Amino acid sequence: MEGLTVAVDALTISIVVAIYLLMIIGIGYYGYRKTKVAEDYMVAGRNTHPLVIALSYGATFISTAAIVGFGGVAANLGMGLIWLTVFNIGIGVFIAFVFFGKRIREAGKRLGAYTFPDLMGKAYKSPFLQFLSGIIIILSMPIYTAAILIGGARFIEVTLAIPYETALLGFGIIVGLYVVFGGLIAVMHTDALQGAIMLIGMSLLLVLTYVYLGGVVTAHTALTNMADLVPEGLAAAGHQGWTSMPALGSPIWMTLITTMVLGVGIGVLAQPQLIVRFMTARDDKSLHRATLIGGPFILMMTGVAFTVGALTNVYFYQKSGELAITAAGGNVDSIIPMYISSAMPDLFVIIFMLTLLCAAMSTLSSLYHTMGTALACDVWGRGRECALSLKANKRGIIIMMVISILVAFLLPGSIIARATVIFMGLCASAFLPAFINGLIARSPCVNGAKASVLIGAFVWFIWTLFVHAAESSVLGLSQFIFGVPSVLGHPWSVCNPLVIALPISLIVMVIFQIRHNRRMTS
C-alpha cells in the first residue's frame, strides 16, 4: 500500500504475521471439526454467539477500503463523512439488527433457507427469484471481491516485500482454504478475532492522534481554523472547510451525500454476505445483544477513520506546512498510510498493519462463502438435493475464488473504493425493495418482486453506463455512442445511480403489491 513505509524490521513483522496466521488456521480447523451437515456449513448451525455475530457483521462490512480509502476521502473533503457513520449505526446496525434481523432470522428458520437467494426464493415461493438473485451475486460480487484482493495484495507487497503477483495468489488462496474447509463457522469465528484486532488498532489510532495534536478541542479548533487553506479547485466545487458540510447542492455535496452517505449507508441493508449473519442467530435475544456490540464497533471503525483522516491535515500542516493531500502527492489512498508511518511509533505501525490485514481477510472470506454457496446452492443445484451437498458448495467456493483472482489480475488498482460503492449500489437497487416486501407482506407479490429486481438492476446499469460521470467516463460506452462522457449535465452527472434506481425499484414493488392485495381481497 503506497505511502506506508516500514520503520520496523521485516523479521519482526514476519513473526507477528506468522503468529496471526497460525491463529487463523487454528480457528479454521475448529470450524472444520464443528461442521457436520449443510446447516453448519451454510448458516453456522443457527446457533452463533451474539459477540461472534456482532464482530463478524462489523468486520465483514468494514474492509480496508473503508479505513484507508474513506479515511483519505475525509482528509480531502472533510468531516461531512461522519454522516456516513451516523447512517451506518442508525441503518446498518440498529434498523438492520432490530427491525430486519429478527424477521430474517425467523423467516430463515421457518422456511429452512440457507442463503440470501434461497430466502428470496422461498419467501416468494419462486425458484426463479432464487436463481435470479444467485446470478446477480455471482456476476457482480467477483468485481468487489477482486477489489478487496487487490487492496490486500498491495498491502502485503509493501509490508512483507513480496512481489505483487505472489502476494495476490497467496492472499487469495490462504483465505480460500479456511473458507472451503471450515464453512461459515470458520468464517465467522475468524471474523470475530479479526474484528477484535481491528477494534484495538482503531482505538489506539484515535487516542494517539489526539495526544499528538494537543487534545480533542485543540485538534478540532486547529482544523476549523484551516478553512481558508482549502484549495481553489475544491472551494469552487463547494468545499467550505474540513469541519463544515460542503455547500448544499454543490458537486462535492452531491458526491458526498448521494454516493458515499446514501450509497454505502443504505446499501448495507441489501448485502447478501451480511444478511446471512442474521440467519445464524439462535434467537431474538442474541440479536439484541449483538446490537449493543455492533453499534460501538461500527462507531469506532468508521468514526475514527473519518475523524483521523480529516485531522491529518492539522498534523501535516504543522509538520511541513502542507495539506494532507499535497503531502501524499495527490493520492487520497496514501494519506492514512503516510500519516501512520510519519506520526505513529514503530509498535503501532505493526498493530495498524495487522488491523488492515484483518479488515481485508474478514471481508474477503465472507465474499468467497457467499459467492460459492450462491453458485452451488442457488444457481447450479437449485431445487435438487445436491444444492446442500458439502462437496458441491466447497467446489462452488473454489470456482468463485479462482474467478475472483483472475478478475483481480485484470482490474486496475485504482478500482478499490469505486468497486465498493458500485457493488453496494447495485445490491440495494436490485434487492432491497423486493427483499423487504418479502419479509413484511402477508402475501408477497412474486411478479412484483421479479419486476422490481429486474428494473432496479436495469436502471442502475443504464445510469452507471451513460449518466454517472465517475463510472461512465471510465467505461467509455457513452463517449463511444453519444460522443460525451455523460448524456446529462450537473447535477445528474454526479448523482449516484442508487438515488435513481432504488426509488424506481421501490415504486414498482409497491404498485404490484397494492394491485396484488386488491385481487386477494376481491
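Residue-wise test of (1) without any contact (Cβ under 8 Å) to a residue 40 or more places away in the chain; (2) over 21 Å from residue 276 (Cα atoms); (3) open to solvent by 20 Å² or more (accessible area, probe 1.4 Å).
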site	(1), (2), (3)
16	no, yes, yes
33	yes, yes, yes
45	no, no, yes
49	no, no, yes
71	no, yes, no
79	no, yes, yes
93	no, no, no
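Residue count for region 180-200 under the criterion of being touching a Leu at 6+ places or on another chain (Cβ under 7 Å) and not acidic (Asp, Glu): the result is 4.
No other residue among 256, 269, 287 is part of a helix (DSSP H, G or I) and open to solvent by 10 Å² or more (accessible area, probe 1.4 Å) apart from 269. Looking only at residues of region 196-235 that are touching a helix residue (DSSP H, G or I) at 6+ places or on another chain (Cβ under 8 Å) and among the β-branched types (Val, Ile, Thr), we find that the one that is most open to solvent (accessible area, probe 1.4 Å) is 200. Inspection of region 143-162 identifies at least one residue that is out of contact with any helix residue (DSSP H, G or I) (no Cβ under 8 Å at 6 or more places or on another chain) and either surrounded by fewer than 22 Cβ atoms within 10 Å (Cβ to Cβ) or over 27 Å from residue 375 (Cβ atoms) (or both). Is there a residue being open to solvent by less than 60 Å² (accessible area, probe 1.4 Å) and under 25 Å from residue 250 (Cα atoms) anywhere in region 447-462? Within region 447-462, one or more residues are open to solvent by less than 60 Å² (accessible area, probe 1.4 Å) and under 25 Å from residue 250 (Cα atoms). Does residue 406 qualify as being over 21 Å from residue 121 (Cβ atoms) and either open to solvent by 60 Å² or more (accessible area, probe 1.4 Å) or of a type in the set (Phe, Trp, Tyr) (or both)? Judged against the criteria, residue 406 is a match. Taking region 169-215 as the search range and keeping residues that are outside any helix (DSSP H, G or I) and free of Cβ contacts under 8 Å to residues at least 40 places away in the same chain, which one is nearest to the chain's Cα centre (by Cα)? Across region 169-215, the extreme among qualifying residues is 215.
The values are calculated or read from the model by the stated rules, or taken from the named source; none is laboratory data. Since the model is a prediction, treat every value here as computed from it, not as a measurement. A quick note on method: Cβ atoms are made from the backbone with ideal geometry, for glycine too, and the neighbour counts reach across all protein chains shown. Accessible surface is based on the protein model in full, side chains and every heavy atom, while ligands, DNA and RNA are left aside. Shrake-Rupley method; radii C 1.70, N 1.55, O 1.52, S 1.80 Å.
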